[in-house]
1. Find the helices (runs of 4 or more DSSP H) located wholly in region A:1-75 whose residues include 2 or more that are within 30 Å of A:LYS123 (Cα to Cα), and list them.
2. I'd like the residue in region B:154-168 that is over 23 Å from B:LEU129 (Cβ atoms) and out of contact with any Ser or Thr (no Cβ under 9 Å at 6 or more places or on another chain) and, out of all such residues, is nearest to the other protein chains (Cβ to nearest Cβ).
3. Among the residues that make up region A:219-236, is at least one of them farther than 30 Å from A:THR122 by Cβ and more than 13 Å from chain B (Cβ to nearest Cβ)?
4. Can you name every residue in region A:157-174 that is within 8 Å of chain B (Cβ to nearest Cβ) and either under 13 Å from A:LEU82 (Cα atoms) or touching a Pro at 6+ places or on another chain (Cβ under 9 Å) (or both)?
5. Identify all residues within region B:61-77 that are in contact with a Ser or Thr (Cβ under 8 Å, 6 or more places away or on another chain) and either of a type in the set (Phe, Trp, Tyr) or within 14 Å of chain A (Cβ to nearest Cβ) (or both); write none if there are none.
6. State all residues of region B:35-46 that are in contact with a Pro (Cβ under 7 Å, 6 or more places away or on another chain) and surrounded by fewer than 17 Cβ atoms within 10 Å (Cβ to Cβ); if no residue qualifies, say none.
7. Run A:ASN183 past the list (1) assigned to a helix (DSSP H, G or I); (2) over 25 Å from A:LYS252 (Cβ atoms) and report the number of the one that doesn't hold.
8. Could you figure out which of (1) crowded, with 17+ Cβ neighbours inside 10 Å; (2) under 24 Å from the mean Cα position of the chain (by Cα); (3) more than 30 Å from A:THR40 (Cα to Cα) isn't true of A:LEU240?
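The values are calculated or read from the model by the stated rules, or taken from the named source; none is laboratory data. Treat the numbers as computed from the prediction; the structure is a model and nothing was measured. With ideal geometry, Cβ positions are generated from the backbone for all residues, glycine too; neighbour counts draw on all protein chains shown.
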Amino acid sequence: MRFKSEALLPIIGVIGLIALWYAAVWVKVVDPVLLPPPTTTFQAMWNGMIHGKLGGDFLKTVERTTLATLIAAAIAIPLGILLGSSEKIYRSVEFVIDFFRSTPASAMFPLFLVLFGVGDKTKISVAAFGAALVILFNVAYGVMNARKTRILAAKAMGASGLRVLTDVMLLESLPQTFVGLRNGVSLALVIVVVAEMFIGSTDGLGQRVFEAQQLFAMPDMYAAIFAAGALGYSLNLLFLMIERRFVHWAGK
Amino acid sequence: MNMDRATAMLAPDSRTIPAPTDQRPNTRPHVTVRGLSKRFNDAVIYDKFDLDIPRGKLVSVFGPNGCGKSTLINMIAGLVPADAGQILFDGQTINEITFGYVFQNYREALFPWLRAIENIEYPLKLKNLPKRERHARVERLVNQLGVKIDLNLYPYQMSGGQQQLVSIMRAVVVDPEILFLDEPFSALDYEMTLFMRDQLQRLFVKTGTTTMLVSHDLEEAVYLADNILLLSRGPARVVDFVSYDAPRLRSDATLSDAEFVRTKAHCLEVFQQEVRKG
């Protein structure tokens, strides 16, 4: 009983926010044109998703973010394992990784535009670039911080260097790898949405938000923002669920 | 690991390991340590250290803090490289023999992604034993020890004592020629420690495996041992190699037995002298 009521707690915040929103509209704190009531917004969201462009744009952004994350993971996970398995190798490239990890990925747009043109390739590759560095850093640290005792235990049982890597270090790094994947997918979404707004885009959630704002279609704009929020939240949740399924021992 | 040896060890007829009493008298030492030297930075831990470990005996290693008790068994087990010296097991190096090692920190030594039974089977998997053989071996060990815990659980679902029992099973499932235990019970509560001492003792009586146990608890060191190796402060020397041959299985009554009390008092005296010197 207690558990049930506690599980409902997060809903209070949602109800509170909507109530506040209604109140703001009702007392006209903001110009009604700038802040439409929640019902109108959700209606715009429903219509946009089912009949309008929002649904297609949503899927386009999902596609780009997923592709970028997959590419980033495919490059960064093996590379991270390689770098992390030798502290010397990692230390020698640590500065370069940290430097580019600290460089705003959006600053790389012009460079990638020159390399890949104005199409999808640029958006996806910049997002993949940003996500890859985050994943790489986390995987490498996960491998490097594998418990020394566990590695020693495997060696004492006669495990070869390769077996230690596959049977111990890889699994030891999984929790940290998932931290990297969750941060990576969030960053990829940010970069994709920004790219969709500004660099010659015709579709995607970023484009939808931008276009609605240009047309002063406020309910549509809010609808697109919420759709982006829902997407970000769902991606994070998805990775958390995969993590709980595959890394059941994390934190225990 | 030499495969022929592994298969020979697993052959059905060699499965029943003779109790120590049935063994032909073999007075040659099992382990010989000669000229062992080790330094950490400026501290000389071992300098031309010699030691013989008798076969089929349980040797407790005891000494002042920081004298290098764990370092000694880690060097003998090949987990920490020695700067100089030679360690042989019946003339063979550590890489040629099968040994078991139990760490103090079971939480960090077990693999949390594997079930307890998979943890125990892991060293057998490294030796490429087929699945059926692995199961059979674990089952035999479970019966031998009278283990009543659910081995399908993950380590983190078990109590500390159960986890350490799994660690010990993982170390002995390969039928090691020598077993190393580094303060195996010091992370357990007293009740569990008593239970685990008993488990270890039963295992030792059944297998007669040469065993080296590092302990910081003198009572435990004497209670479990055939020999207590008393070390000095660094560079460590063998101060005394005390025999204690009360019959096994020993019990609570042993703790108040005159011989036990006398042996423990002697070890304590030697230990105190060494501490005062430091």
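1. Fully inside region A:1-75 and qualifying: A:38-50.
2. If we take residues in region B:154-168 being over 23 Å from B:LEU129 (Cβ atoms) and out of contact with any Ser or Thr (no Cβ under 9 Å at 6 or more places or on another chain), then B:TYR156 is nearest to the other protein chains (Cβ to nearest Cβ).
3. yes
4. Scanning region A:157-174 gives A:MET157, A:GLY158, A:ALA159, A:LEU171.
5. Residue satisfying the conditions is B:PHE62 alone.
6. Within region B:35-46, B:VAL44 is the sole residue that qualifies.
7. Going through (1) assigned to a helix (DSSP H, G or I); (2) over 25 Å from A:LYS252 (Cβ atoms) one by one, A:ASN183 breaks only (2).
8. Of everything listed in (1) crowded, with 17+ Cβ neighbours inside 10 Å; (2) under 24 Å from the mean Cα position of the chain (by Cα); (3) more than 30 Å from A:THR40 (Cα to Cα), A:LEU240 misses just condition (1).
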